[in-house]
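Reading through the structure tokens given below for one structure.
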Amino acid sequence: MKADRQAPIGVFDSGVGGLTVVREIMRNLPDERIVYFGDTARVPYGSKSKNTVIRYSRQIVHFLETQQVKAIVIACNTASALALDTIEKEIDLPIIGVVKPGAQMAVETTQNKRVGVIATESTIQSGLYQQLITEADPAITVYGKPCPLFVPLVEAGYVDHSEESRQQVTKLVIAQYLTEVREAGVDTLILGCTHYPLLKTMIGEFMGQSVTLVDPAKTAAHHLEQMLSERGLKAAQEHEGQAHFYVSDVPDSFVQTADLFLGEYKGGPVDQIAIDKY
């Protein structure tokens, strides 16, 4: 059965971080409708087991299927690393994650064959970025570093362009985590968690101009565009795309944080659903 090209794209994440992916999709594919699910009741995924992340992802995919989506983007590095391969075999819809596009971009970018990956604990422990990069080019050495404090800092607004006192706190944490990675001499650094692009300027300043930062949200949006084009599923330019957001906990804090992630792109209605039913 061929999907309807005017059907929406399903995007999901453990919480709000995946909105950086939504922002890139809105920028690249302005005619597409988006149904976004943020698992705000069960966030974070970064410290949960593989089986738990697969179970949660399965429920969310079932929910997105009820919304008649034409494709799914797992906008969460942890779920991309732990659940994508399993879910892909269980559904008929095209589905992509953020890890593979990010890994591919890093392989194409590095000149000195030293790549850093910063992410949640379980994304680093999964070894998927390391595996994909070294499969593509065994000469590349990958330096993985979990940065657990970045997510709460971002969600509390301690981001690029916030007031100086907040930036000082974040800069101290960046130095704490990334000194080792910088000293390893990497020339490419993957921002392996969807929250991290909001710290891109400060991370870039610390790492120095010779280091290229790879944002998997951007590369995933490009992969999505390519996939929709190849399958004849790009929306016709008849209407402006809009987004509908669903969350598993009360929408209030999601609504407050969403603007931080979406930037100049407007959100849409936000509804709470009982994800355990799916």
Per-residue ³J(HN,Hα) for the range 119-129, Karplus 6.51 cos²θ - 1.76 cosθ + 1.60, θ = phi - 60°, Hz, x for Gly and Pro: 6, 6, 3, 6, 5, 5, 5, 4, x, 5, 4
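At 0.36 nm per residue, and after removing the present C-alpha to C-alpha distance, how many nm does the segment from residue 179 to residue 108 gain when stretched out fully?
Details: separation 71, 0.36 × 71 = 25.56 nm, distance 2.42 nm.
My answer for the length gained is 23.1 nm.
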Probe 1.4 Å, protein heavy atoms only - accessible area per residue of the chain in square angstrom: 44
Among 227, 203, 263 the positive-end extreme of the charge dipole of the range 132-270 (Cβ point charges): 203
Spherically averaged projected area in nm², based on the convex hull that wraps the Cα atoms of the range 1-154: 9.7
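Need one number for the range 166-278: average projected area of the convex hull over its C-alpha atoms, nm².
Details: hull surface 43.4 nm².
Directional mean of the projected Cα hull area for the range 166-278 stands at 10.9 nm².
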Hz values of 3J(HN,Hα) by residue in the range 60-68 - Karplus curve (6.51, -1.76, 1.60), Gly and Pro given as x: 5, 4, 4, 4, 5, 5, 5, 8, 6
Surface/4 of the Cα convex hull for the range 90-137, nm²: 4.2
Derived scalar couplings ³J(HN,Hα) [the range 192-199; Karplus, 6.51 cos²θ - 1.76 cosθ + 1.60; whole Hz; x for Gly, Pro]: x, 8, 5, 6, 5, x, 6, 10
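In the range 164-267, what GluC sites (Glu not before Pro) fall in a loop by DSSP, with at most 12 other Cβ atoms inside 10 Å? Write out the running numbers ahead of the final one.
Working: sites: 164, 180, 183, 205, 225, 230, 238, 240, 264; in loops: 238, 240, 264.
Here the GluC sites (Glu not before Pro) that fit, given the DSSP loop and packing criteria, are 238, 240, 264.
Greater than 28 Å separation of Cα atoms is the criterion. Which listed pairs, 50/171; 234/277; 200/234; 113/200; 50/277; 50/234, meet it? Don't jump to the answer; show the numbers that get you there.
On the way: 50/171 31 Å; 234/277 31 Å; 200/234 30 Å; 113/200 22 Å; 50/277 21 Å; 50/234 33 Å.
Result: 50/171; 234/277; 200/234; 50/234 exceed 28 Å.
With all pairs of different alpha carbon atoms counted, what Kirkwood hydrodynamic radius in Å does the chain show? Spell out each step's value before the answer.
Numbers: mean 1/r = 0.0532 Å⁻¹.
Over the chain, the inverse of the mean reciprocal pair distance is 18.8 Å.
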Gaussian network model of the chain, Cα within-10 Å springs - most flexible of 241, 144, 18: 241
Residue-level accessible surface for residue 120, protein heavy atoms, 1.4 Å, Å²: 30
Exposure rank, largest accessible area first [23, 5, 166; 1.4 Å]: 5, 166, 23
Sequence-distant residues sharing a close amide H with residue 189 (under 5 Å, placed H): 116, 212, 213, 214
Rounded accessible area of residue 27 (nearest 10 Å², 1.4 Å probe): 100
Amide H contacts under 5 Å for residue 242, placed H, 5+ residues apart: 33, 34
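For the chain, with all protein chains present and a 1.4 Å probe, just round the carbon and sulfur fraction of the accessible area to a whole percent. Intermediate results must be reported in sequence, preceding the final value.
On the way: 5880 of 12240 Å².
Looking at the chain in its full context, I get 48 percent from C and S.
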Residue 135 paired with residue 90, simple spin-label distance in nm, labels 7 Å along Cα-to-beta-carbon: 2.1
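For n ≥ 4 DSSP H runs only, could you compute -39500 (n - 2.57) per run for the chain, divide by its residues and tell me the 222 nm figure to the nearest 500?
Numbers: 12 runs with 127 residues, N = 278.
That comes out to -13500 deg cm²/dmol.
The values are calculated or read from the model by the stated rules, or taken from the named source; none is laboratory data. Keep in mind that this is a model prediction, so the values were computed, not measured. Cβ atoms come from the backbone with ideal geometry, glycine included; neighbour counts cover every protein chain shown. Note: accessible area is taken over every heavy atom of the protein model, side chains too, but ligands, DNA and RNA are not part of it. Shrake-Rupley method; radii C 1.70, N 1.55, O 1.52, S 1.80 Å.
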